[in-house]
Amino acid sequence: MKVLRTVKELTEFSRELRAQGKTIGLVPTMGALHSGHLSLVKRARGENDAVVVSVFVNPTQFNNPDDLSTYPRTERADASLLEGEQVDVMFAPSVQEIYPSGGDEGHTFNLGYVAEVMEGAMRPGHFQGVAQIVSKLLRLTVPHRAYFGEKDFQQIAVIRRMVLTENIDVEIVSCPIMREADGLALSSRNVRLTAEQRKVAPGIHKVLAESVADFNSKPIQETCDWVVKQINALPFCKVEYFSIVDGVTLKPVTAREDASHIVGCITVYCGDVRLIDNICYRK
Ligand code: PAF
C-alpha cells in the first residue's frame with residue numbers, strides 16, 4: 001500500500017490508473033478506523049480495480065473546537081488495518097496541503113433542504129465543510145464510485161445533492177450500518193464513552209428497533225414521543241432530536257401514506273459523547 005501525502009501524488013496516481021482503463025473506488029474517512037469503515041473498504045475492494053482510502057480529520061466540518069481537538073487520531077493503526085484489506089493508496093494529507101489558503105475558500109455549496117434540518121440545524125456549517133472536503137477528494141481522486149456508511153444517513157443525502165449540483169460524475173454507494181454485537185452503531189466516538197456509558201448506549205438501538213414493531217399501528221407522533229421518552233429514561237442519555245423523515249427528501253413524515261421510504265434519525269448525548277443512529281421504518 002502506498003501512503004500518499006500530497007495532492008500531486010494522488011492526482012498522478014489516479015491519472016495513471018484511468019489511462020490504463022482501471023476503475024477506482026474511494027472511501028473517504030477521518031481515520032480512527034473500525035470495522036464499519038472496513039466494511040466500506042471491503043465493498044470497494046470487491047467492486048473496483050483500485051481502492052483509495054482518505055484519512056483526513058477535516059477541520060472545516062467541526063463546528064465545535066473541542067470535538068475537533070478530542071477527535072481520535074490513530075494513523076499508524078489505520079495504515080496497518082488498510083494494508084490488511086489490500087488497499088492501494090492511503091491518502092493522508094496535512095491540513096495545509098488540502099487548504100493552502102485556509103479553510104474559508106469563499107465557496108458556498110447549494111445543498112438545499114437536506115442540509116438544513118437535523119444535523120444541519122444542530123451543527124451550523126457542518127455540511128458545508130463536509131461538501132467542501134468530499135468535493136475536493138472526488139475531484140482529486142476522480143473515482144468511479146465513492147462509499148459512505150448509512151450511520152450518517154443525512155450526510156449521504158447531502159453528498160448526493162452536492163454531486164448533482166457540482167456536476168461530479170461518480171456513483172455514490174451507501175453501505176449498511178455496522179453494529180457491535182449488543183447493537184451499538186460503530187463509531188469512532190464510541191471510544192470516548194466511559195465503561196458505564198458504554199453499557200447503556202446499546203439501549204438507543206434497542207429502543208429504535210422496538211419502535212418498528214408498532215410503527216404501522218400508531219400515529220407517527222406517538223412513535224416519536226415514545227422513542228424520546230424511552231431513551232431519555234436511560235442513564236446518561238439525553239435525546240437532542242429524533243425525526244421521522246422521508247428517506248429521500250428528509251422532509252418530516254406525519255402520515256405513513258406520505259412516503260414509501262421512512263427513516264427515524266436520532267442524535268443522543270450519552271454523557272458528553274454525541275451519538276447518532278437511525279432506523280428504517282419502511283422501504
Ligand atoms: O463521515 C465522515 O467520516 C466524514 O464526514 C467524511 C465523509 C470522511 C468527510 O470528512
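Taking segment 156-169 only, how many residues are surrounded by fewer than 18 Cβ atoms within 10 Å (Cβ to Cβ) and within 25 Å of ASP88 (Cα to Cα)?
As a first pass, look at segment 156-169 and keep what is surrounded by fewer than 18 Cβ atoms within 10 Å (Cβ to Cβ): 160, 164-169.
Filter once more, so that each one left must be within 25 Å of ASP88 (Cα to Cα): 168-169.
Qualifying residue count, segment 156-169: 2.
Quick one: which of PHE153, PHE242 is buried (at least 17 other Cβ atoms within 10 Å of the Cβ) and in contact (Cβ under 8 Å) with a residue 60 or more places away in the chain?
Numbers: PHE242 fails: in contact (Cβ under 8 Å) with a residue 60 or more places away in the chain.
Sole residue among the options that is buried (at least 17 other Cβ atoms within 10 Å of the Cβ) and in contact (Cβ under 8 Å) with a residue 60 or more places away in the chain: PHE153.
Please report, ordered by residue number, the strands (runs of 3 or more DSSP E) entirely within segment 1-93 with at least 2 residues that are within 14 Å of the ligand (Cβ to nearest atom) and surrounded by 14 or more Cβ atoms within 10 Å (Cβ to Cβ).
Values: elements: 2-4, 24-29, 50-55, 89-91.
Answer list for segment 1-93: 24-29, 50-55, 89-91.
Those residues that are over 17 Å from ASN64 (Cα atoms), assigned to a loop (DSSP other than H, G, I, E, B) and in contact with a helix residue (DSSP H, G or I) (Cβ under 8 Å, 6 or more places away or on another chain), I need them from segment 94-116; list them, please.
TYR99, GLU105, HIS107, THR108, PHE109, ASN110, LEU111, GLY112
I want to confirm something. Restricting to segment 104-125 and keeping residues that are of a type in the set (Val, Ile, Thr) and surrounded by 12 or more Cβ atoms within 10 Å (Cβ to Cβ), which single residue is farthest from THR165 (Cα to Cα)?
Within segment 104-125, the first condition is being of a type in the set (Val, Ile, Thr), and the residues that meet it are 108, 114, 117.
Still in the running and surrounded by 12 or more Cβ atoms within 10 Å (Cβ to Cβ): 114, 117.
Details: VAL114: 13, VAL117: 19 Å.
Per the stated criteria, the residue is VAL117.
Just to verify a result, which residue in segment 126-142, among those that are of a type outside the set (A, V, I, L, M) and within 13 Å of the ligand (Cβ to nearest atom), is nearest to ASN48 (Cα to Cα)? Spell out the reasoning first.
From segment 126-142, those of a type outside the set (A, V, I, L, M) are 126-129, 132, 135-136, 139, 141; that's our starting set.
From what is left, the residues that are within 13 Å of the ligand (Cβ to nearest atom) are 126-129, 132, 135-136, 141.
Values: HIS126: 30, PHE127: 28, GLN128: 29, GLY129: 27, GLN132: 25, SER135: 20, LYS136: 20, THR141: 13 Å.
Among them, the one singled out is THR141.
Return the pair list, or none, for Cβ contacts closer than 7 Å from residues in segment 177-192 that are closer than 17 Å to PHE153 by Cβ and modelled with pLDDT of 95 or more to residues that are among the hydroxyl-bearing types (Ser, Thr, Tyr) and away from the ligand (no atom under 14 Å from the Cβ), at least 6 apart or on different chains.
MET178/SER35; LEU186/SER35
Among the residues of segment 164-182, write down those that are in contact with a strand residue (DSSP E or B) (Cβ under 9 Å, 6 or more places away or on another chain), under 19 Å from PRO143 (Cβ atoms) and not in a loop (DSSP other than H, G, I, E, B).
Listed by number, the residues that qualify are GLU171, ILE172, VAL173, SER174, CYS175.
The values are calculated or read from the model by the stated rules, or taken from the named source; none is laboratory data. Remember, it's a predicted structure, so these values are computed and weren't measured experimentally. Positions of Cβ are backbone-derived with ideal geometry, glycine not excepted, and every protein chain shown enters the neighbour counts.
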